[in-house]
Amino acid sequence: MSSDSSTGKKVFAVAVPIVLGIAIWLAPVPANLSPQAWHMFAIFAATIAAILTQPLPSGAVMLIALCVAIFTQTLTEAKALSGFASGTVWLIFCAYILSLGFVTSGLGKRIAYKMLSLFGGSSLGIAYSLGISDLIMAPAMPSVTARSGGIIFPIARSINTVLGSAPGESGKKIGDFLTMVCFQFTPITGAIFLTGMAANPLVSSLAKSSLGVEITWSGWFIAAVVPALVCFCLMPLLVYKLVNPELKRTPEAKVMGREALSQLGPMTTTEKKVAFGFLLALVG
């Protein structure tokens, strides 16, 4: 029964984008719109639907959409592949590769647990340790999901479990505070760096194409670092006053950080390579 259900889901995932794309493609072209533009919209809609239904990984879906646009002559090869000539595209691609390295090698967790072992003696200390970890990883991890969902929030949840603070009434101990702070840290750290989140390079690209303003990685950082760091320092204090967690001192969190670091052991060769690549990328 489960096999039939799985097969049905796969068929649905494949059928939806195909049917949607064909339906739009064959529909009458609206007035004042060229057939090429309408066909491009059909490919775009089918691509978005495929990303949502996930018949294949998103990267494969995008490549298939690119091939369809070229083979149907909706776009010329030059136009379809023009994005690969953009330095911003390669910048964000390299950052995503480093992002995967931080997650798969365990370096991201090591950084977070190290900060926790140093500053986790109080609820505010835990908050800042998680925020500093997010800040360290932000230049190399443009995926907010990878940073927060893959590293920071799981550690915060483990801390809440150790301290007996689950969603609900016990969340008032410290869980509500940590969850809110981690959520607010993400847009702050993401705004500091051009590669802090995926939307930033898009803004840079639009500024260049629309206004003729070229925003470099260092230029973005210089403009954003002061206001963002002010927010970084003040936000946890404001949330601390508003939420007022019951647990003020948290020596257990420091112990948890030390124990997690000891379980990870010394830095592996892979972690060192990722760290070296990260530093090299920043210098570059």
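The values are calculated or read from the model by the stated rules, or taken from the named source; none is laboratory data. Source: prediction; values computed, not measured. Cβ atoms come from the backbone with ideal geometry, glycine included; neighbour counts cover every protein chain shown.
Would you call residue 92 aliphatic (A, V, I, L, M), in the same structural domain as residue 277 (by TED's automatic domain parsing) and either modelled with pLDDT under 90 or surrounded by fewer than 11 Cβ atoms within 10 Å (Cβ to Cβ) (or both)? Give the steps one after another, and end with the answer.
Numbers: aliphatic (A, V, I, L, M): yes; in the same structural domain as residue 277 (by TED's automatic domain parsing): yes; either modelled with pLDDT under 90 or surrounded by fewer than 11 Cβ atoms within 10 Å (Cβ to Cβ) (or both): yes.
So residue 92 passes the test.
Is at least one residue of the range 182-198 surrounded by fewer than 19 Cβ atoms within 10 Å (Cβ to Cβ) and farther than 21 Å from residue 239 by Cβ? Don't jump to the end; show me each part of the working.
Initial filter on the range 182-198 (surrounded by fewer than 19 Cβ atoms within 10 Å (Cβ to Cβ)): 183-184, 187, 198.
Retained after the next criterion (residues that are farther than 21 Å from residue 239 by Cβ): 198.
Within the range 182-198, one or more residues are surrounded by fewer than 19 Cβ atoms within 10 Å (Cβ to Cβ) and farther than 21 Å from residue 239 by Cβ.
Residue-level analysis places residue 226 outside the set of residues that are surrounded by fewer than 17 Cβ atoms within 10 Å (Cβ to Cβ) and touching an Asp or Glu at 6+ places or on another chain (Cβ under 6 Å).
Just a yes or no: is a residue in the range 23-30 in a helix (DSSP H, G or I), at pLDDT below 90 and not polar (S, T, N, Q)?
So far as the range 23-30 goes, no, none of its residues is in a helix (DSSP H, G or I), at pLDDT below 90 and not polar (S, T, N, Q).
Got at least one residue in the range 228-249 being in a helix (DSSP H, G or I) and charged (D, E, K, R)?
Narrowing the range 228-249 to residues in a helix (DSSP H, G or I): 228-243.
Subset that is charged (D, E, K, R): 241.
Looking through the range 228-249, at least one residue is in a helix (DSSP H, G or I) and charged (D, E, K, R).
Answer yes or no as to whether residue 222 is assigned to a helix (DSSP H, G or I) and either assigned by TED's automatic domain parsing to the domain that holds residue 166 or within 21 Å of residue 177 (Cβ to Cβ) (or both). Yes.
Would you call residue 250 crowded, with 18+ Cβ neighbours inside 10 Å, hydroxyl-bearing (Ser, Thr, Tyr) and under 15 Å from residue 126 (Cα atoms)? It is true that residue 250 is crowded, with 18+ Cβ neighbours inside 10 Å, hydroxyl-bearing (Ser, Thr, Tyr) and under 15 Å from residue 126 (Cα atoms).
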